[in-house]
Amino acid sequence: MRAPFGIELVYLLAGPLIWSAHYLFIYAVNALRCARSPALLSGMWLGFSGAAWMIVMSSLLALIAMGWVVVRQYRRKASAGEPAFHARLTTMLCLLSAMAVVWQTLPVFMVSACGNT
């Protein structure tokens, strides 16, 4: 039995949706850090600010979520006895989104927040 179209669409777009939620989150964290500088975001720990740690942790969470989606999609397709085309497509979209998440996280280690030195 085939899965409903909506479920297939959610699995196919899960990677880009996770990436966009991650992007929105890190944008908001940096905006709060630069505009208001709350103690939680501006405190230093191991040479990085609280905002940097939040961004790194959200990146790890996003990558784990993408991995879970890929594994779940392959298991769904295998148990239904369907071709793995959608599972492979989901994998490719999640890999592309994972590269975007890593690319967005790299500036945390290279550039100081808000142009501060």
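Taken together, the values in this text are just the output of simple stated rules run on the coordinates, not laboratory data. For clarity, every value in this text was computed on a predicted model and none was experimentally measured. Here the Cβ is made from the backbone with ideal geometry for all residues, glycine too, and neighbour counts use every protein chain on show.
Things to note:
- A simple count of charges around Q73, restricted to other residues whose Cβ falls under 10 Å of its Cβ and scoring Lys, Arg +1 and Asp, Glu -1, yields +4.
- Residue separation of M110 and A80 scaled by 0.36 nm, minus their Cα-Cα distance, works out to 6.2 nm of gained length.
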